[in-house]
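A.B. asks: Let me begin by handing over the structure; questions about it come next.
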Amino acid sequence: MTVGRSVLLFLLAALLEIGGAWLVWQGVREHRGWLWVGAGVLALGGYGFVATFQPDANFGRILAAYGGVFVAGSLAWGMIVDGFRPDRWDVMGALVCLVGVAVIMYPPRG
């Protein structure tokens, strides 16, 4: 269950960070206003808390592994929300990043 919990926390963190950054982008770059920016800042703050609930106690390991989730999640967000069409290199890069997440986070450690 620890791996499952960790994966869910990574997904929640990605939703908050990527969604928060997207809201700030929309507020500033797309001129949607400060309400969007404020919502984005709150979501980004929530992302900071979610990482603290990871089962592993090593900050550097958590953030390094999360980087791979962020890469893949950003591409998925772009597809779902903005209609982005990744090419095979985007997909291959995201898969490499997710393998990196597994190698960093989930090997047997003694």
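A.B. asks: Hey, does segment 29-38 have a residue that's within 25 Å of Gly93 (Cβ to Cβ) and either touching a His at 6+ places or on another chain (Cβ under 6 Å) or modelled with pLDDT of 95 or more (or both)?
C.D. replies: yes
A.B. asks: Pick from Asp56, Asp87, Asp82: which is more than 29 Å from Val3 (Cβ to Cβ), at pLDDT below 95 and either aromatic (Phe, Trp, Tyr) or more than 11 Å from the chain's Cα centre (by Cα) (or both)?
C.D. replies: The conditions single out Asp82.
A.B. asks: Could you grab me the full set of residues in segment 43-89 that are in contact with a helix residue (DSSP H, G or I) (Cβ under 8 Å, 6 or more places away or on another chain) and among the polar types (S, T, N, Q)?
C.D. replies: Gln54, Ser74
A.B. asks: Any residue in segment 95-103 that is touching a Gly at 6+ places or on another chain (Cβ under 6 Å) and assigned to a loop (DSSP other than H, G, I, E, B)?
C.D. replies: No, there is no match, as no residue in segment 95-103 is touching a Gly at 6+ places or on another chain (Cβ under 6 Å) and assigned to a loop (DSSP other than H, G, I, E, B).
A.B. asks: Checking Ala64 against (1) within 20 Å of Arg109 (Cβ to Cβ); (2) more than 17 Å from the chain's Cα centre (by Cα); (3) of a type in the set (A, V, I, L, M, F, W, C), which single condition isn't satisfied?
C.D. replies: All conditions are met except number (2).
A.B. asks: Let me ask something else about it. Picking from Glu17, Glu30, which residue would you name as being charged (D, E, K, R) and under 13 Å from the mean Cα position of the chain (by Cα)?
C.D. replies: On inspection, the qualifying residue turns out to be Glu17.
A.B. asks: Count, please, the residues in segment 1-56 that happen to be among the aromatic types (Phe, Trp, Tyr) and buried (at least 17 other Cβ atoms within 10 Å of the Cβ).
C.D. replies: 4
A.B. asks: Follow-up. Can you tell me which residue among Gly93, Gly73 is in contact (Cβ under 8 Å) with a residue 60 or more places away in the chain and of a type in the set (Gly, Ala, Ser)?
C.D. replies: Just a single option satisfies the conditions, and that option is Gly73.
A.B. asks: Something else about it: On the given criteria, is Val3 assigned to a helix (DSSP H, G or I) and at pLDDT below 95?
C.D. replies: Taking the combined requirement at face value, the residue satisfies it.
A.B. asks: Find the residue count for segment 57-80, including only residues that are exposed (fewer than 12 other Cβ atoms within 10 Å of the Cβ) and outside any loop (DSSP other than H, G, I, E, B).
C.D. replies: The qualifying residues number 3.
The values are calculated or read from the model by the stated rules, or taken from the named source; none is laboratory data. Computed from a prediction, not measured in an experiment: that's the story for all the values here. Note that each Cβ is placed from the backbone with ideal geometry, even for glycine, and that neighbours are counted across all protein chains shown.
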